[in-house]
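For reference, the structure is listed below as structure tokens.
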Amino acid sequence: AIHVNHGLNRNARNWADHCRGVCEQLGAAYHLVELDARAPQGESQEAWARQLRYEALVRFVGVDDVLFTAHHQDDMAETLLIQLFRGAGPAGLAAMPMQARFGAGWHYRPLLAFPLAELHRYAREYNLVWIEDDSNQDPKYDRNLLRNTILPGIRQRWSGITRTLYRAARHQADASGLLDDLADIDLKTCRSGADTRLSVSQLLRISRARAANTLRRWIRLQGFPVPNERQLNQIFSGVLGAGPDATPCVCWQGTELRRYRDSLFITVPLPPPPDPGLVTNWDLNRPSRLPLG
């Protein structure tokens, strides 16, 4: 069992001690990961903590190991609504998969089909002891506002809304899978040579919607975050639409997409170029490291 202390709550040490005690009772190995998950200015605290948490968890997952988390049907419904309010497409509206690759292994959510109320009934029936995070009541967090204010109001009219949203997310997951299948077909013709580059001229031969779908798939497969709609429009207008002698670049979230001649490249941000007046003395008897590495 792995417990992540994000260092955000005054009671966090008590939670860690509780988890250790439960593991001792079960005879399970216990690992504590302590983080300083305070978000930088301008970043979402929820998203920042989630990113650091999964970066910590993935280090424990070896080849074909399985990480289990207790996400449930209500979590799925909340995630779908959050993504909907952000204007996400099918991949975002699919919310969270039951199983997915995670580092060298897998991430499973075996309780995803169960509503929270059913899990509460089970926990009470078997006298389980758990801790309620007091920050779950703070409405400044989007998920808490949905959970405590918006969804209870919706349930007064549509009592089965959680189950319905869960089903809707599964439909979106099917649609997202079909879009990925189409993108994989287009990638076979749009790749520039045998490597990971994309051909601009080949992308421009297919429709804008298919080209956008292919770009998103290509970016995800390279392990980079997918650009939002504004950034994608910049790619179409400023990169794909640029002249063949231009070297345009679009940047987002630790990612740079560049064009050179007919090829698109995606990389982590490159360091600034060295001073044009730089002079490097090279002793030809040993290697010389250039400023860009």
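Viscosity 1.567 mPa s, temperature 4 °C: what is the translational diffusion coefficient of the range 171-260 from Stokes-Einstein with a Kirkwood Rh over Cα pairs, rounded to a whole number of µm²/s?
96
Please say if the range 141-182 is rounded, prolate or oblate, where rounded means a/c under 1.5 for a ≥ b ≥ c the square roots of the C-alpha gyration tensor eigenvalues, and otherwise the choice is prolate for a/b larger than b/c and oblate otherwise?
Values: a/c = 5.50, a/b = 2.07, b/c = 2.66.
It comes out oblate by the Cα gyration axes.
Report the relative contact order of the chain, percent, no decimals, based on alpha-carbon pairs under 8 angstrom and at least 6 residues apart.
Details: 317 pairs, mean separation 33.0, N = 293.
Dividing the mean separation by the residue count of the chain yields 11 percent.
Give, in whole angstrom and from largest to smallest, the semi-axes √(5λ) of the equivalent ellipsoid of the range 237-293, with λ running over the eigenvalues of the Cα gyration tensor.
Equivalent ellipsoid semi-axes, largest first: 30, 14, 11 Å.
What translational diffusion coefficient, to the nearest whole µm²/s, does the range 130-283 have by Stokes-Einstein, given a Kirkwood radius computed over alpha-carbon pairs, a temperature of 25 °C and 0.890 mPa s viscosity?
127
With point charges of +1 on the Cβ of Lys and Arg and -1 on the Cβ of Asp and Glu, referenced to the Cα centre of the range 129-237, which listed residue (Leu165, Gly177, Leu151) lies farthest in the positive direction of the dipole?
Going by the charge dipole, the pick is Gly177.
Charges only on Cβ, +1 for Lys and Arg, -1 for Asp and Glu: so what's the dipole of the range 19-123 about the Cα centre, in debye to the nearest 20?
It comes to approximately 100 debye.
Could you sort Ser263, Ser159 by their accessible area in this structure, using a 1.4 Å probe and putting the largest first?
Result of the area sort, largest leading: Ser159, Ser263.
Give me the mean projected area, in nm² to one decimal, of the convex hull enclosing the Cα positions of the range 84-202.
Averaging across all directions leaves 11.6 nm² for the Cα convex hull.
Under 9 Å from the Cβ of Asp186, count the other residues' Cβ atoms, weight Lys and Arg +1, Asp and Glu -1, and hand me the total. Show your work: numbers first, answer last.
Numbers: positive: Lys188, Arg210, Arg217; negative: Asp184.
Taking every other residue near Asp186 into account, the sum is +2.
Taking the Cβ of Phe265 as the center, what net charge do the other residues with Cβ under 15 Å away carry, scoring Lys and Arg +1 and Asp and Glu -1?
Net charge in that neighbourhood comes out at +2.
Could you look at the range 35-133 and say what percent of its accessible area is carbon and sulfur, using a 1.4 Å probe and all protein chains?
Values: 3360 of 5980 Å².
It is 56 percent, rounded to a whole number.
So which residue, out of Asp283, Asp180, Asp138, gets the largest mean-square fluctuation from a GNM of the chain using Cα contacts under 10 Å as springs?
Of the options given, Asp283 has the highest mean-square fluctuation.
With equal scatterers on the alpha carbons only and no solvent term, can you work out the Debye log10 of I(q)/I(0) for the range 6-141 at 0.13, 0.14 1/Å?
Relative scattering, expressed as log10 I(q)/I(0), comes to -0.73, -0.86.
Under a no-solvent Debye model with one identical scatterer per Cα of the range 112-164, what's log10 I(q)/I(0) at q = 0.13, 0.18, 0.19, 0.21 Å⁻¹?
-0.42, -0.78, -0.85, -0.98
Between beta-carbons, use under 10 Å as the cut-off and find the net charge around Asn213, counting Lys and Arg +1, Asp and Glu -1. The partial results should precede the final answer.
Working: positive: Arg208, Arg210, Arg216, Arg217; negative: Asp180, Asp186.
So the environment of Asn213 carries a net charge of +2.
Say the dipole of the range 49-148 comes from +1 at the beta carbon of Lys and Arg and -1 at that of Asp and Glu; which of Ala56, Phe114, Pro90 then lies farthest toward its positive end?
About the Cα centre, the residue reaching furthest to the positive side is Pro90.
So, with +1 on the Cβ of K and R and -1 on the Cβ of D and E, and no other charges, what is the size of the charge dipole of the range 146-293 about its Cα centre, to the nearest 20 debye?
780
Please compute the Cα-Cα pair-distance distribution of the chain with 10 Å bins starting at 0, giving whole percents from short to long.
5, 19, 28, 24, 15, 7, 2, 0
The values are calculated or read from the model by the stated rules, or taken from the named source; none is laboratory data. All of these numbers come straight from a predicted model, not from anything done at the bench. Don't worry about glycine lacking a Cβ; one is built from the backbone with ideal geometry, like all the others, and counts go over all protein chains shown. Heads up: the accessible areas ignore ligands, DNA and RNA and are worked out on the full protein's heavy atoms, side chains in. Shrake-Rupley method; radii C 1.70, N 1.55, O 1.52, S 1.80 Å.
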